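Notes follow once the structure below has been shown.
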């Protein structure tokens, strides 16, 4: 079945976005990588152009667009090479905002969502802790009710957008004695500047340098009880449900990264000469490129069928877990061979393929490691 979800409205969005990225993003990426951040002004410009929060209702700042717009956004950000920025935008737009939209009261949504659409607010989600990653039942950050407030204590780490976020949706334990443990997990919104909310440091990463990643502490951090998203003890199920879209965004990014690295390498191999002929004319190299192109094309087709299933509101848990581990591992294999085909130049930071190979490594870790994905699939297969 051919994928036909791209309509004229999506292509208009694509052309506008591509033009914006060419002018406002692509020329500045080296500077952003060096500074380890994307300027807040770019977020605001993205918001002004309607490139953030487009899927929300009009009263919150969106236009009620479908998920295909997010596919276009990811495609164009990866095409421009802005993979660090893509990580931050993806977390903000397709991972955190849906929690507020899905669980928030009307007052909460009106308070936060419009500024998220304009780029005035940057969002983060606080799940991972030093002792708890994919096993969200094991989180230890606590929120104790005290009158009209919750008092939060704990630590979060590896938080994308964490250092510059204005609002963070925080996974906490409101009932540490709940059985089963997941029934004690809640989601609470904490705003930047709240006493006791400490942004410890930006973490130095292997790649994705323009995306800020932070370690956060909460020390007797008091937030209004009205910042609870949904009901107390009901945070775990929405996280599990939303993780499927998060993993779809992740596996889409992985395959687009692989596709981009392959394009760069094909162009290089056609022009770089060794032993009197282009690298691509040596049979071994040509075969390796063809093998990678075949795998990328097949994986992309599978992923885009998953997008269609997601649009049709089908349960994609098993297949998206398959795509998540396969696409990210494929992207890493493609990175290895593409660097190899570039020879010494592939090891030089000034070459895009070198930076891409470092950036793509995160794919098999974030949003659930390869091993976690295989564990989920095994359980769903009854193994």
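The values are calculated or read from the model by the stated rules, or taken from the named source; none is laboratory data. What you see is a predicted model; the values in this text were computed from it and never measured. We place every Cβ from the backbone using ideal geometry, glycine too, and count neighbours over all the protein chains shown.
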Practice task
Tell me, please, whether a residue that is at pLDDT 95 or above, more than 30 Å from residue 30 (Cα to Cα) and either in the same structural domain as residue 79 (by TED's automatic domain parsing) or not in a helix (DSSP H, G or I) (or both) can be found in the stretch 338-349.
Solution key: no
Practice task
Read through the list (1) part of a loop (DSSP other than H, G, I, E, B); (2) crowded, with 22+ Cβ neighbours inside 10 Å, then give the number of the only condition that residue 207 fails.
Solution key: (2)
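Identify all residues within the stretch 28-50 that are farther than 9 Å from residue 119 by Cβ and either in contact with a helix residue (DSSP H, G or I) (Cβ under 7 Å, 6 or more places away or on another chain) or surrounded by 16 or more Cβ atoms within 10 Å (Cβ to Cβ) (or both); write none if there are none. Walk me through how you get there before you give the answer.
Start the filter on the stretch 28-50 by keeping residues that are farther than 9 Å from residue 119 by Cβ, which leaves 28-39, 49-50.
Scanning the stretch 28-50 gives 28, 29, 32, 33, 36, 37, 38, 49, 50.
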Practice task
Select, from 125, 188, the only residue that is surrounded by 19 or more Cβ atoms within 10 Å (Cβ to Cβ), within 21 Å of the chain's Cα centre (by Cα), modelled with pLDDT of 95 or more and under 27 Å from residue 360 (Cα atoms).
Solution key: 125
Fill in the blank from the handout: Per the filter on the stretch 83-126, residues closer than 19 Å to residue 216 by Cβ and assigned to a loop (DSSP other than H, G, I, E, B) are 121, 122
Problem - Residues located in the stretch 11-29, provided they are touching a residue at least 24 places away in the same chain (Cβ under 8 Å) and closer than 16 Å to residue 355 by Cβ - result: 25, 26, 29
Completion exercise
Residues of the stretch 229-251 being buried (at least 17 other Cβ atoms within 10 Å of the Cβ) and closer than 14 Å to residue 125 by Cα, in sequence order, are 229, 235, 236, 238, 239, 242, 243, 246
Fill in the blank from the handout: Checking 230, 226 in turn, the sole residue that is in contact with a helix residue (DSSP H, G or I) (Cβ under 8 Å, 6 or more places away or on another chain), closer than 20 Å to residue 139 by Cβ and modelled with pLDDT of 95 or more turns out to be 230
Handout entry: Residue satisfying all of: in the stretch 188-203; outside any strand (DSSP E or B) and touching a residue at least 40 places away in the same chain (Cβ under 8 Å); nearest to residue 219 (Cα to Cα) among these
Key = 196
Exercise for the section: Would you mention how many residues in the stretch 267-290 are in a helix (DSSP H, G or I) and surrounded by 15 or more Cβ atoms within 10 Å (Cβ to Cβ)? Expected result: 7
